[in-house]
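Q: I'd like to ask you about the structure that follows.
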Amino acid sequence: AGAGHSDWHAIGRLGPGAIIGDLPYLGFSMVRAASARAVQRTEVIILPAELLRSMLRCYPGMAAGVEHRLREMGSFVQNRMPQRMEALLQTNVFAKCGQQFTSWIANNCERMIFVAGQVVKPRCDDPDLVPGTLYVVQHGYCVAETAEDGQFALFREGMAFGGRTLVGVSDAEGALVRCASPIALVLVIVQKRLREGILRSFGKMDGFPVNQEDRISTKRVFGRVFSSMVLFMSCPPEFLEDLARAGAVRSYMPGQTLAVAGHKDTRMVIVIGGIAMPEKLVGERDSHEDEDKGVSMFGELVMLGAQHKNHMTVRAMTFCNTMEVTTGAFLSVIAKHPAEEKRFEDYAVKALASGVGGEKQVRWPIFDERVPIQTLYMINLRAERPTYTANDPKLNEDAKGAAVLVLQGILGVCDTQGREIFELGPGECINEHLLLGFGPQGTAPEDEDRLVPKVDCELQLLTPKLWKDVVARYSSVLEGIKKNITKSLTERAARKLGVLPNSPEVLQFSKVWRLLSFDLAAGVCRFLETHLLLPGEELTSFGKFGDLMIIVLSGAAVVEQGPQMEIKAGTVIGEELLLGLSGVYPMTIRASSVMTVQVLKRRHFADTLPKFEEDLERLGPILKEARSTGGLSMVKKLKRIPALSQACWPFIEMLCHGAEDIYFPPESYIIEIGEPCRYGETPLYVMMAGKGAIENAAGVLQNVVGAGDLIGEGGALGLAPTRMSKVRATGKGLIHCVKIQ
């Protein structure tokens, strides 16, 4: 790996019988130094590491055949482990003893190698037992056992045990302790050396600050690893201890990369042993870098979620041991110490504001510049950022119930038939309606869409639960974000329909607006308003006053009262209210999913229309009708038609259930000769505004019809098999008819 990139080179070949990954497998906490790639069909046996370790704990004798190999590995690792002083400081035994005493003990103890099953501490009645000896595990783990209780205690790195010693009494007193890991490195401190150290440092045994009758603590002290770092200096010891326990100790061979610039990561790395050097451009310098000792800590902003890629390549110059804490581990510790969260949030936000690391952040489009940087940081810290390969089907299961932001790559959005509707690129999102509490399943047409990575993609998944936790702290920006979500949903819904929101093309979904000029539509479209409706919310209410024309951009609704019709994307409701032909809604419509609609108010239309004389003339007959009968319901209008005036009210109401307002431009045909006629299927038309000419097949005028006349009633009643004449719209204005099926 180099600065900013990684290269792959073949360094050898492996044949039958080769063993891959024996050091990491045997519990040395070492990252793999190389990748192994199959170049032809290969059969391998994969042995889970935990399986072997469990078997060794139960059957320690099985390691006898590989003891020589294990000791070789132990010798190799022993010379590259951190100093003995580091191991002793990790135990709680010497916490009160001071640096001088601990240092002397470190220089006068012995580091021994034990393999699985080998006895580390004999029983109290064993002649090989050296009374008062203290054991400190530096690598691996050991178990205490008795004939009566079996294995009853486990001692890991940083834990001490023994019998009755000068520093206390161990839980393993009287028990046999044996190595339970493939290999263990143990510091052995005999009583003679302990006594000498006490007398050297404290002058007499009575001055030693540890009571010999106390129990030896098995608590490990890793917090000092962090305490020397500026970021953690003011943190309480309890927090540092929990953070250290949540971290993982790793080892790197000389030349291995600890991090590669530009690669996705979640780790903060602290070098606790060895030297690691950054590879950066000339002139760059890191705040944790020492020219002689290399870098001591890096990746804290990655762990804190302020960055998501390494900004430099770090390579081990010597054998290195590290303490590594991932974002997930950090959050688990923060959950136990919530009072510490503000400290790290301020640190990360300050770094983001100053542009440290130079990483370009991809923002959610629903967050404008008014959203505080703290909100963005908390989302980036806690939201998942998975990566998917092209066509990965797992994405849809992972993203269910979450808003999705594309960070990298191209994401295809397909319908249920697999047809691609549109693409999403970096900085674009989908399903953000879930953040408004509209419910995670089945509440929007988008929930039925399939997300298909077209190339390798990195995404961010924001769940409603996480969103709720974040905005609870920054509620002042919630209203603005809701408006942005509505805007985002509207833009995507319009894109699905092949139009732009607040454009003349949106108005073209109306059959009336298709008959008017583009210039008028362009003058009015700026008044279009966007609304978002929850499932169950009323879009219109039967008999309620209204003056809106509603254009559905996405979602679906059901008609609960009034003439039945399908309400879906592209449906237009309320044209007659916009034109002034009616003042109340003829039906109750309720959203059955999340809906985005754009509405135009009558007053905006009425204020703009006089500026366009041709459109004003074209709408002349309809505006005249609006002035005379605009305040009447459809039932009352039909009752005023001479041919229907004697019909009873229930009959007229039944006609209205299948009635539809239809508009015809001049010179268009309302009825064509030869159209088949079937009783109950063929419609009749009631002229409401304008005039029409009845013509025969030769185009000879036979009659003129106007407002209040019926057209095509013979065909509607099945009195003729086909239409015998045609009706053509005449004049310069639009013709308004009520079509009754």
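Q: Where a ≥ b ≥ c are the square roots of the eigenvalues of the C-alpha gyration tensor, would you call the range 71-189 rounded, which needs a/c under 1.5, or, failing that, prolate if a/b is larger than b/c, or oblate?
A: Taking the square roots of the gyration eigenvalues as a ≥ b ≥ c, the range 71-189 is oblate.
Q: While we're here: Once both axes come from the Cα atoms, what is the angle between helix 67-78 and the longest principal axis of the chain, in degrees from 0 to 90, rounded to 10?
A: It is inclined by approximately 80 degrees.
Q: Can you tell me the accessible area per residue over the range 493-566, all protein chains present, probe 1.4 angstrom, in square angstrom?
A: Roughly 46 Å² per residue, with all protein chains present.
Q: Under a point spin-label approximation (7 Å from Cα along Cα-to-Cβ), what is the ALA34-ALA647 distance to one decimal in nm?
A: 9.0 nm
Q: Shifting gears a bit: As an exercise, use a Förster radius of 56 Å and the Cβ-Cβ distance of GLU529 and LYS342 to find the FRET efficiency, rounded to the nearest 0.05.
A: For R0 = 56 Å, the calculated efficiency reads 0.85.
Q: So between ASN696 and LYS350, what do we pick up on full extension, going 0.36 nm a residue minus the alpha carbon distance?
A: 116.3 nm
Q: On to the next question. Run down the lysines and flag those whose C-alpha is under 28 Å from the C-alpha of LYS96, throwing out any fewer than 8 positions away in its chain.
A: Here the lysines satisfying the reach criterion relative to LYS96 are LYS121, LYS192, LYS204, LYS219, LYS336.
Q: Could I ask something else about it? Between ALA720 and MET55, with labels modelled 7 Å along Cα→Cβ, what's the label distance in nm to one decimal, could you check?
A: 9.5 nm
Q: Roughly speaking, to the nearest percent, how much of the chain's 1.4 Å accessible area is carbon and sulfur?
A: 53 percent
Q: If one takes the longest principal axis of the Cα atoms in the chain, at what angle in degrees, from 0 to 90 and to the nearest 10, does the Cα axis of helix 478-496 lie?
A: The angle comes out near 60 degrees.
Q: Then there's this: Can you tell me the accessible area per residue over the range 624-704, all protein chains present, probe 1.4 angstrom, in square angstrom?
A: Roughly 57 Å² per residue, with all protein chains present.
Q: Taking 0.36 nm per residue of sequence separation and subtracting the Cα-Cα distance, how much length would be gained by fully extending the chain between ARG514 and VAL119, in nm to one decimal?
A: 133.0 nm
Q: A further question on this structure: For the range 141-261, I need the span (max minus min coordinate) of the C-alpha atoms along each principal axis, in Å, sorted largest to smallest.
A: The Cα atoms of the range 141-261 stretch 52, 40, 29 Å along the principal axes, largest first.
Q: As a test, work out the antiparallel percent of DSSP beta bridges whose residues both lie in the chain, rounded to the nearest 5.
A: So the antiparallel bridges in the chain amount to around 95 percent.
Q: Run the numbers on the range 509-665 and let me know its relative contact order in percent, using alpha-carbon pairs under 8 Å that are six or more apart.
A: Computed value for the range 509-665: 27 percent relative contact order.
Q: As a check on your grasp of the helix formula, calculate [θ] at 222 nm for the chain: sum -39500 (n - 2.57) over DSSP H runs of n ≥ 4, divide by the residue count, round to the nearest 500.
A: -7000 deg cm²/dmol
Q: Need the full-extension length gain, ARG382 to GLN361, defined as separation in residues times 0.36 nm minus the C-alpha distance. One decimal, nm.
A: Gain on stretching ARG382 to GLN361: 6.0 nm.
Q: Separation between the HIS657 and SER592 pseudo-spin-labels, each 7 Å from Cα along Cα→Cβ, expressed in nm?
A: 1.9 nm
Q: Run the count for the range 580-680, please: Lys pairs, Cα-Cα under 26 angstrom, 8 or more apart or on different chains.
A: 8
Q: Per 10 Å bin, what is the whole-percent P(r) computed from every C-alpha pair distance within the range 505-558?
A: 18, 47, 30, 5
Q: Starting from the Cα gyration tensor of the range 614-741, take the square roots of the eigenvalues, sort them a ≥ b ≥ c, and report rounded, prolate or oblate (rounded when a/c is under 1.5, otherwise prolate if a/b is larger than b/c, else oblate).
A: oblate
Q: Which order, highest average first, do 314-321, 490-497 follow once you tally other Cβ atoms within 10 Å for each residue and take the mean per peptide?
A: 314-321, 490-497
Q: While we're on this one: Quick one: grab Rg to one decimal and Dmax as a whole number for the range 518-598, Cα atoms only, in Å.
A: Radius of gyration, then largest Cα-Cα span, for the range 518-598: 12.5, 37 Å.
Q: For helix 98-107, what angle does its Cα long axis make with the longest principal axis of the chain, in degrees from 0 to 90 and rounded to 10?
A: Result, in degrees: 70.
Q: Starting from the eigenvalues of the Cα gyration tensor, five times each then square-rooted, give me the equivalent ellipsoid semi-axes of the range 455-503, largest first, whole Å.
A: Value: 26, 19, 7 Å, ordered largest first.
Q: Probe of 1.4 angstrom, ligands and nucleic acids ignored: what's the accessible area per residue over the range 93-152, in square angstrom?
A: 46 Å²
Q: With all distinct Cα pairs included, what does the Kirkwood hydrodynamic radius of the range 548-659 come out to in Å, to one decimal, could you say?
A: 15.7 Å
Q: Here's a follow-up. Using the structure shown, list the pairs from LYS544/LYS739; LYS400/LYS482; LYS360/LYS496 with a Cα-Cα distance above 26 Å, or answer none.
A: Over 26 Å apart, Cα to Cα: LYS360/LYS496.
The values are calculated or read from the model by the stated rules, or taken from the named source; none is laboratory data. Since this is a predicted model, take the numbers as computed values, not measurements. We place every Cβ from the backbone using ideal geometry, glycine too, and count neighbours over all the protein chains shown. The accessibility values were calculated without ligands, DNA or RNA, using every heavy atom of the protein model including side chains. Shrake-Rupley method; radii C 1.70, N 1.55, O 1.52, S 1.80 Å.
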